[in-house]
1. Evaluate the relative contact order of the chain (contact order divided by residue number), counting alpha-carbon pairs under 8 angstrom at least 6 apart; express in whole percent.
2. Can you give the FRET efficiency to the nearest 0.05 for residue 352 and residue 405, using r as the Cβ-Cβ distance and R₀ = 25 Å?
3. I'd like the orientation of helix 390-403 relative to the chain: the angle between its Cα long axis and the longest Cα principal axis, in ° from 0 to 90, rounded to 10.
4. Enumerate the aspartates and glutamates that residue 368 could reach by cross-link, defined here as Cα to Cα under 14 Å, with residues fewer than 8 away along the same chain left out.
5. Highest first, please rank the peptides 166-177, 120-131 by the mean number of other Cβ atoms sitting within 10 Å of their residues.
6. With the Cα gyration tensor of the chain in hand, convert its eigenvalues to equivalent ellipsoid semi-axes via √(5λ) and list them largest first in whole Å.
7. Would you mind checking 98/216; 4/221; 9/129; 134/255 for any pair whose Cα atoms are more than 23 angstrom apart?
8. Once you've got the GNM for the chain with C-alpha springs shorter than 10 Å, pick whichever of 107, 361, 141 has the biggest mean-square fluctuation.
Amino acid sequence: MTVKIVVQKFGGTSVNTRELREKAALKVQETQKEGFSPVVVVSAMGRKGAPYATDTLISLAREEFSNLDPRDLDLLLSCGEIISAVVMSQTLRRMGMKSVAFSGAQAGIITDNHFGDASILRVEPDRIKKYLDKGYVVVVAGFQGATEEGEVTTLGRGGSDTTAVVLGIYLQADYVDIFTDVNGVFTADPRIVPEAQILQGLTYTEAAEMIQQGAKVIHPKAMNLAREYRIPLRVRSLSDEGKGTLICDISTLTKEGLRILSQEEPVYSIAYRRGLAQVRVNLGDSENGELKIFQSLAQEGISIDLVSLFPEGTAFVVDETVGSKVEEILRREGFEVNLTLPCAKVSLVGSDMADRPGVVAQLVEALKDANIEILQTGDSHITISCLVKSQDMERAIQVLHHKFRLEKAC
Ligand code: ADP
Ligand code: MG
């Protein structure tokens, strides 16, 4: 029997209380009534402080055991999602549906053995399919899998999104639903810009660019897989005002009436990334200095962003957590180094910036009027990013949102 499948992922804040789980179960039931077989993926219940949240399990491990073996840590961390899967499955049963809960391993998710940040190698979906064929809703614990040898692994932060998309790929799902605590993907993080507008339809490329620039509503790995395998995503919330955001290819968006030709604005959203440090290095008269800098950082496995090179020096951005390490490495090599932290990168994401004169001018004007110092800028075909001090980040996002009239978008 061929069944039409929808994978529905519920984030930690969507399964945190009995009331929310019942709302989630209603969404699953609706999907079933529409003629689909739902596969549910759940994250651990709640955020930091909640009894079974991932952060709580991490604190438990760290407080008592300073050097917990990564294998055991993964075994411990995988429990949060397993608890959630069982509770969700029981909720579905209480509401009259047939349901079965699986750990990642039981669901056939095979990963490499990189504990704490494992990658999914493949899925053996037969067991899931067997239950779907018998009319069960299969609830899978997100964020985890097991190695070929059966060792339990976890997929790193945001891993449940990846579980959902990978199951979508292997089960040839029609959609993957990402239920979270906002109604969809917005022109900017609605927690920072209350008047942000929902973006009803995004192409894979547009969504991937926003997410690459820091919009954390979907995990980048999951987004990239969805784009590569052309699995449509729907970002929604349990309150479901409106239809959420549909992420798919342009022809489907046009068919759904979510896109008309020549609608393109130069900027359609603003993304941000916190927790950065700016490193400025004076090259002095050092021969091949810039090469030495980048080679020594590469050797240490440190990734860099927003790189600017000038004859007299270079400036770039690293993760705040490695800021002082970078400073130390480069001082050791004899360079004069200046570190600014904490910083944040604010990015305008749009289309064909290169062909739109004036976008940079508007950005500079808006930030200048608001007395916000721009530490550095960088751009690509469809983004312009600027680095600001963390304390200025929220205001920078707000004034840029206003400057580009995104509150009137859509
Ligand atoms: P979950 O626990 O459901 O996976 P996340 O916290 O990972 O949820 O992702 C949802 C959050 O993403 C929202 O609460 C919101 O603050 C943030 N976010 C950042 N940028 C955006 C954006 N452009 N649109 C919507 N949400 C965004
Ligand atoms: Mg998430």
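The values are calculated or read from the model by the stated rules, or taken from the named source; none is laboratory data. Computed from a predicted structure; not experimentally measured. Every residue, glycine among them, receives a Cβ derived from its backbone with ideal geometry; neighbour counts consider all protein chains shown. To get the accessible areas, we keep the full protein, side chains included, count just its heavy atoms, and leave off ligands, DNA and RNA. Shrake-Rupley method; radii C 1.70, N 1.55, O 1.52, S 1.80 Å.
1. It rounds to 13 percent for the chain.
2. Efficiency at R0 = 25 Å is approximately 0.90.
3. Roughly 80 degrees between the two axes.
4. 392
5. 166-177, 120-131
6. Working from the Cα gyration tensor, I get semi-axes of 39, 28, 18 Å.
7. Flagged as over cut-off: 98/216; 4/221; 134/255.
8. In the Gaussian network model the winner is 361.
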